[in-house]
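The values are calculated or read from the model by the stated rules, or taken from the named source; none is laboratory data. The structure presented is a predicted model; accordingly, all values stated were derived computationally and were not measured. Every residue, glycine among them, receives a Cβ derived from its backbone with ideal geometry; neighbour counts consider all protein chains shown.
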Amino acid sequence: MVIKDEFLSNEKISEYEVEKVFDSKKNTVELIKATKTNGNEVYYVHKILSNHKKMLKEIELLNYLFEKGLDVPKVYYEDEESFLIEYIEGETLLEHITRLEKEQKEKFNYRSNNRLIYKFLNWIEEFYELVKEKTGENIILEDMNLRNFIYTDKLYGFDFEDCHVGNKERDIGRFCAFLLTYSFAFTNWKVRFTRQMLKAVEDYGYDLDLIRKEIDKEFISITKRRGTKIPRSLRDLILGRVFSFYNG
Ligand SMILES: Nc1ncnc2c1ncn2[C@@H]1O[C@H](COP(=O)(O)OP(=O)(O)O)[C@@H](O)[C@H]1O
Ligand SMILES: [Mg+2]
């Protein structure tokens, strides 16, 4: 990758290199390590998108949300097919949740999980509200991959290229389906964590019946996509357990 000369001179960068390439099915996402003339090291993320229209959508949303104060990476500049953004140091939400599960092997920690759940729900609720203010439409994230969020002391979100008009229940439903099916799938801890999250979501006024349908729909898609079979009986069993607090 080549960083623009103007950016290099403004930021007083003397040299830089691609330190690593992140896992990405859709795009090329690189971690850039740069050294400033004073010897300090700084990191950036360079994202190359194959689809120009999607890239513009993503940059527009990142800029808008950043200005409004939502925790998203800052965009430094863009060119025809790529853009450079702030590197957020921390665990992805997937790494974080995987660690929580390990740490809570002996004892489920309801309180510390709640902190995370509310941070996450506050972030997405603010996202929906701000984007509604901007577009007048109910835009959802769609890509609810847990690697699209980074948890430090704060929660950051990104990857907006697939945003579209839809209902929030779809986002939460897909989030839960992903969470439940990451390896090892359907553990007791994952079921309890999801149930705790759904209880919180109920307080935010989401339609739980719709979320249940969306989770089931995503289980079927996952079966097709990954070739891992989630038979009907297992789907019903898991849904029964995560919604055990809810009578419809
Ligand atoms: N600003 C950032 N700071 C830290 N890591 C990032 C940042 N942006 C992306 N990443 C890492 O790169 C991965 C892929 O980036 P993402 O924007 O989700 O692109 P994709 O469209 O390929 O999913 C993320 O899952 C995350 O691990
Ligand atoms: Mg992503």
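Mind listing whichever residues of segment 208-228 are part of a loop (DSSP other than H, G, I, E, B) and surrounded by 10 or more Cβ atoms within 10 Å (Cβ to Cβ)? Walk me through how you get there before you give the answer.
Residues of segment 208-228 that are part of a loop (DSSP other than H, G, I, E, B), as a first pass: 227-228.
THR228 - this is the single residue of segment 208-228 that is part of a loop (DSSP other than H, G, I, E, B) and surrounded by 10 or more Cβ atoms within 10 Å (Cβ to Cβ).
List pairs: first residue in segment 227-248 and without any contact (Cβ under 8 Å) to a residue 12 or more places away in the chain, second residue assigned to a helix (DSSP H, G or I) anywhere in the structure, Cβ distance under 9 angstrom, at least six positions apart or on different chains.
Here the result reads LYS229/THR223; PRO231/THR223; ASP236/ASP216, each pair linking segment 227-248 to a residue that is assigned to a helix (DSSP H, G or I).
Across segment 92-116, what is the total count of residues that are more than 13 Å from the chain's Cα centre (by Cα) and either closer than 21 Å to LYS57 by Cβ or part of a helix (DSSP H, G or I) (or both)? Give the steps one after another, and end with the answer.
First, the residues of segment 92-116 that are more than 13 Å from the chain's Cα centre (by Cα): 98-116.
Of the ones still in play, those that are also either closer than 21 Å to LYS57 by Cβ or part of a helix (DSSP H, G or I) (or both) are 98-103, 110-116.
Of the residues in segment 92-116, 13 are more than 13 Å from the chain's Cα centre (by Cα) and either closer than 21 Å to LYS57 by Cβ or part of a helix (DSSP H, G or I) (or both).
Given the structure, is GLU133 more than 27 Å from ASP216 (Cβ to Cβ), in a helix (DSSP H, G or I) and at pLDDT 95 or above?
On the way: more than 27 Å from ASP216 (Cβ to Cβ): yes; in a helix (DSSP H, G or I): yes; at pLDDT 95 or above: yes.
Against the criterion (more than 27 Å from ASP216 (Cβ to Cβ), in a helix (DSSP H, G or I) and at pLDDT 95 or above), GLU133 qualifies.
Restrict the check to segment 135-147 and report whether at least one residue is over 12 Å from the mean Cα position of the chain (by Cα) and of a type in the set (D, E, K, R).
yes
Yes or no: VAL42 touching a residue at least 12 places away in the same chain (Cβ under 8 Å) and touching a helix residue (DSSP H, G or I) at 6+ places or on another chain (Cβ under 6 Å)?
Numbers: touching a residue at least 12 places away in the same chain (Cβ under 8 Å): yes; touching a helix residue (DSSP H, G or I) at 6+ places or on another chain (Cβ under 6 Å): no.
The answer is no for VAL42.
Only one of these conditions is not met by PHE158: (1) more than 12 Å from the chain's Cα centre (by Cα); (2) within 16 Å of ligand 1 (Cβ to nearest atom); (3) touching a residue at least 60 places away in the same chain (Cβ under 8 Å); (4) over 24 Å from ARG212 (Cβ atoms). Which number is it?
Here PHE158 meets the rest and fails (1).
Here is a yes/no grid of residues against (1) more than 16 Å from ligand 1 (Cβ to nearest atom); (2) within 20 Å of LYS102 (Cα to Cα); (3) assigned to a loop (DSSP other than H, G, I, E, B):
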| site | (1), (2), (3) |
| --- | --- |
| MET144 | no, no, yes |
| GLU169 | yes, no, no |
| CYS176 | yes, yes, no |
| PHE186 | yes, yes, yes |
| VAL191 | yes, yes, no |
| GLU202 | yes, no, no |
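Please verify whether LYS107 is of a type in the set (Lys, Arg), more than 24 Å from LYS134 (Cα to Cα) and away from ligand 1 (no atom under 16 Å from the Cβ), treating the condition exactly as stated. Before you say what the answer is, go through the steps one by one.
On the way: of a type in the set (Lys, Arg): yes; more than 24 Å from LYS134 (Cα to Cα): yes; away from ligand 1 (no atom under 16 Å from the Cβ): yes.
Taking the combined requirement at face value, the residue satisfies it.
Looking at LYS47, LYS68, which is the one that is within 16 Å of ligand 1 (Cβ to nearest atom) and either touching a Lys or Arg at 6+ places or on another chain (Cβ under 7 Å) or within 30 Å of LYS4 (Cβ to Cβ) (or both)?
Working: LYS68 fails: within 16 Å of ligand 1 (Cβ to nearest atom).
Being within 16 Å of ligand 1 (Cβ to nearest atom) and either touching a Lys or Arg at 6+ places or on another chain (Cβ under 7 Å) or within 30 Å of LYS4 (Cβ to Cβ) (or both) holds for just one of LYS47, LYS68, which is LYS47.
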